[in-house]
Amino acid sequence: MSIDFRAELNDEQFAAVTAPPGPALVLAGAGSGKTRTLTYRVAYLLLEKRVHRDMILLLTFTNKAAREMVERVAALCGQSARPSWGGTFHSVGGRILRRHAELVGLRNNFTIMDQDDAEHTLQAAIKELDKDFLKSKQNPKVGRIASLISMARNTGQTVTSLAKEQFPWEENVAAAIPRFAAAYQQRKLEQNVADYDDLLVFWLRIMEEYPEIREAYSEQFQFILVDEYQDTNHIQSRIVDCIGSHHNIMAVGDDAQCIYTWRGANFENIRDFPQRHPGTTIYKIETNYRSTPQILDFANAVLASQPEGHGYSKELRPVRRDDVVPYFVPLMDSRQQAQFLVNRIEGLYEEGVALKDIAILYRAHYQALDAQLEFGRRGIPFVITSGVRFFEQAHIRDFVAQLRAVCNPDDDSAFDRFMALLPKVGPATVRKVLKAAREIVQRREQQWQTAKGDLFSEVQGLESPSIFAALLTPEILQKVPDDARDEFSGMCLSLREMDVLLHGGAPGVAHEPAKPVDVVTRGIEGWYGDFLKHVYSNWQSRRDDLDGLIEFAARYDTMHELLAQLVLLNSETSDRSIQTDDNAVRMTTIHQAKGLEYPVVFVIGCADEFFPLKRALEEGNIDEERRLFYVAVTRAMNELYLCYPRMSGGRGNGPILMRQSRFITEIPPHLFQKLQVQMYSW
């Protein structure tokens, strides 16, 4: 079997595919055929250089990417030529660890735990060292600790330093978590199990501590190819450098698409590759087959806006014909933005564009709330490819359940939802606690009624008949499991504050009900906002979603009206009859859109504090935000719309004027055209 590589590849791809042995960094721009280049490189080694398939190590990040490349190689070279060592870092690490398990304290019949099993093992280790640690609401939960330990191991940081960084408000945490991590590691060895991170950590340890084994693998893997190299973390880069001590490494990636540093990717890995591997040849693949020249001009201007020295210089070159320049669309707010999306998409559909060829991209999930609502109202099919719909997210449903309970204390299903967040609290406990609390409420209501009819009665000292006040009595707290008691108190105190805001502190006393936005804000800034920090490693993005709910609540005058709208809108946007994957608009975060392409792309929320995000501005993380913007605009093939909402709804204090995204301000104005949309007032 033979391949005419010269005919199959363009000049840039051909140069990389036929590169001589030695360190090579292949910078493959968006839409330039990166996978094709990598696949043909493997085929070239097998067919032209007669490299044995066992001597090629192909490392990828996803099983899907690994299967795709191995299958493409097999299609080019025949099934017998498919690489023996092609897969994800973790799958290859697992194979090597299986061979040398005893060197790290495991037996070769070790089993690999999934995330739930790993957290259960960590929980047991924590309880053995400190049985009260997880009971305190001030301390992080097991899942949060597991995420911290994992991040530390993958980024080369110490658990102590990372704990101090992530929990600056809790000094005891930084001291405790390293002990928990050590006990967890020992427990895994005793049980002959490994977690996901062990597959990399132990692989590297074997390579670094046993030179003869490292040299054997280095001699075997004469050609090492790494896909999406810009996404490698600290430990993955060290593995590649260690096993590739001969420097015969081809790293393929795009520094301009390094957008995962928040989960451990290290931008320095691709930036400093030539320094770690002297004599590196850099191959740039800049011919773009995806987008129009006008979209590429815009994308190149995004790259040109990078500060000098913050990335490799490259310029995407088009092969397609001229078309329309990108549109910049100023709009009044997110609701008009949603209306514009619907109207323009209806127009595109009439022009013959399939709905599945249209994507709406956003920096954070909450920014698509109004778009989801408007699409639901208008019956336009859409799918969320980056997760579930806004109101279906667990943290939104958990918080809305708290609002429902405050508004209607007889709503048992609401109590079931949020009380189940506490450890060892199930339906039976909820029923028992509510039954006893309601008996207290009934007694207190009778006392108030009696006091109202007695002119000489002192009502000031009577206990509140609120169920949330009743839930805080010693009688009820004794019925709550020990592990949940502190958390339960914090929850009920927060709900009690929301209840007082909404209904007042005493029956029969005149009270002006608070606006829904005030109740929502109080709840988010109370127990539940703190709960998120201790449970979820991505608590900040979940908090952003809740802040979006604050803005939504500001539109309504009563809690009953807000809750009615939440239920109705959730029902509309969750209608499965309009969620057909075959022909539906795609809504997704930009992170999830990486690697995909769409004929028409709308990037929404192009305002400072939306994109780039407010916390990125505060922390100075602008470079990665700009790379994310580059990824967004390079998803578009034919048409690109950049939507700028001029105002944000604020938090009940009136609208806030937003500045257009600095990423658009950086672009020469002749590279886009402003699309005027008639303003409206609500």
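The values are calculated or read from the model by the stated rules, or taken from the named source; none is laboratory data. Here the structure is a predicted model, which means the values were calculated and not measured. FYI the Cβ positions are ideal-geometry reconstructions off the backbone, even for glycines, and counts take in every protein chain you see. Side chains are part of the model used for accessible areas, which takes the heavy atoms of the whole protein and leaves out ligands, DNA and RNA. Shrake-Rupley method; radii C 1.70, N 1.55, O 1.52, S 1.80 Å.
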If you take the residues of the stretch 20-32 that are over 26 Å from the mean Cα position of the chain (by Cα) and open to solvent by 10 Å² or more (accessible area, probe 1.4 Å), which of them is nearest to T634 (Cα to Cα)?
P23
Given (1) over 21 Å from A553 (Cβ atoms); (2) at pLDDT below 90; (3) not small (G, A, S), where does L472 come up short, assuming only one miss?
(2)
Condition first: of a type in the set (K, R) and either within 23 Å of F202 (Cα to Cα) or in contact with a Cys (Cβ under 9 Å, 6 or more places away or on another chain) (or both). Now tell me which residues in the stretch 145-172 satisfy that.
R153
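Residue by residue, here is whether (1) in a loop (DSSP other than H, G, I, E, B); (2) surrounded by fewer than 22 Cβ atoms within 10 Å (Cβ to Cβ) holds:
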| residue | (1), (2) |
| --- | --- |
| A616 | no, yes |
| E624 | no, yes |
| F629 | no, no |
| A632 | no, no |
| E639 | no, no |
| L642 | no, no |
| F663 | no, no |
| H670 | no, yes |
| Q676 | yes, yes |
Identity of the residue in the stretch 285-332, without any contact (Cβ under 8 Å) to a residue 12 or more places away in the chain and within 17 Å of Q257 (Cβ to Cβ), that ends up surrounded by the most Cβ atoms within 10 Å (Cβ to Cβ):
A304
In contact with a helix residue (DSSP H, G or I) (Cβ under 7 Å, 6 or more places away or on another chain) and not polar (S, T, N, Q), is that true of G264?
yes
Suppose the filter is among the charged types (D, E, K, R), farther than 30 Å from M250 by Cβ and out of contact with any Cys (no Cβ under 7 Å at 6 or more places or on another chain); does R321 pass it?
yes
Looking only at the stretch 158-185, count how many residues are touching a residue at least 60 places away in the same chain (Cβ under 8 Å) and open to solvent by 20 Å² or more (accessible area, probe 1.4 Å).
0
Which of the residues belonging to the stretch 235-246 are at pLDDT 95 or above and open to solvent by 50 Å² or more (accessible area, probe 1.4 Å)?
R238
Within the stretch 272-282, is there a residue that is assigned to a helix (DSSP H, G or I) and either in contact with a Leu (Cβ under 8 Å, 6 or more places away or on another chain) or under 28 Å from F611 (Cα atoms) (or both)?
yes
Tell me the residue from L38, L58, L46 that is over 28 Å from the mean Cα position of the chain (by Cα), in contact (Cβ under 8 Å) with a residue 24 or more places away in the chain and buried (at least 18 other Cβ atoms within 10 Å of the Cβ), please.
L46
Condition first: in contact (Cβ under 8 Å) with a residue 24 or more places away in the chain and either within 30 Å of L477 (Cβ to Cβ) or of a type in the set (S, T, N, Q) (or both). Can you find one or more residues in the stretch 387-394 that meet it?
yes
Which of the residues belonging to the stretch 199-227 are open to solvent by 40 Å² or more (accessible area, probe 1.4 Å) and under 21 Å from T280 (Cα atoms)?
E219, Q222
Can you tell me which of (1) surrounded by fewer than 20 Cβ atoms within 10 Å (Cβ to Cβ); (2) part of a helix (DSSP H, G or I); (3) modelled with pLDDT of 90 or more is the one F488 doesn't meet?
(1)
Name every residue in the stretch 122-136 that is touching a residue at least 24 places away in the same chain (Cβ under 8 Å) and under 25 Å from the mean Cα position of the chain (by Cα), in order of residue number.
L122
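Each row is one residue, and each column tells you yes or no for (1) part of a helix (DSSP H, G or I); (2) modelled with pLDDT of 95 or more; (3) within 30 Å of Q138 (Cα to Cα).
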site: A176; (1), (2), (3): yes, no, yes
site: F180; (1), (2), (3): yes, yes, yes
site: Q185; (1), (2), (3): yes, yes, yes
site: E215; (1), (2), (3): yes, yes, no
Only one of R320, R238 is basic (K, R), closer than 30 Å to E212 by Cα and not in a strand (DSSP E or B), namely R238
What are the pairs, 6+ residues apart or on separate chains, where a residue within the stretch 1-27 that is assigned to a loop (DSSP other than H, G, I, E, B) has its Cβ under 7 Å from a residue that is among the aromatic types (F, W, Y)?
L9/Y40; T18/F5; T18/Y44; A19/Y283
Among residues of the stretch 34-81 being touching a strand residue (DSSP E or B) at 6+ places or on another chain (Cβ under 7 Å) and at pLDDT below 90, the residue nearest to T232 (Cα to Cα) is F61
With the requirement that a residue be open to solvent by 10 Å² or more (accessible area, probe 1.4 Å), over 18 Å from G156 (Cα atoms) and either without any contact (Cβ under 8 Å) to a residue 40 or more places away in the chain or in contact with a strand residue (DSSP E or B) (Cβ under 7 Å, 6 or more places away or on another chain) (or both), what does the stretch 254-284 give you?
P274, Q275, T280, T281, I282, Y283, K284
Please work out if Q393 is surrounded by fewer than 20 Cβ atoms within 10 Å (Cβ to Cβ) and on the phi < 0 side of the Ramachandran plot.
yes
Restricting to the stretch 186-198, count the residues that are of a type in the set (A, V, I, L, M, F, W, C) and open to solvent by 10 Å² or more (accessible area, probe 1.4 Å).
2
Specify the residue that is modelled with the highest pLDDT; the eligible residues are those in the stretch 555-577 that are among the small types (G, A, S) and open to solvent by 40 Å² or more (accessible area, probe 1.4 Å).
A564
Kindly provide the set of residues from the stretch 323-361 that are hydroxyl-bearing (S, T, Y) and assigned to a helix (DSSP H, G or I), ordered by number.
S334, Y349
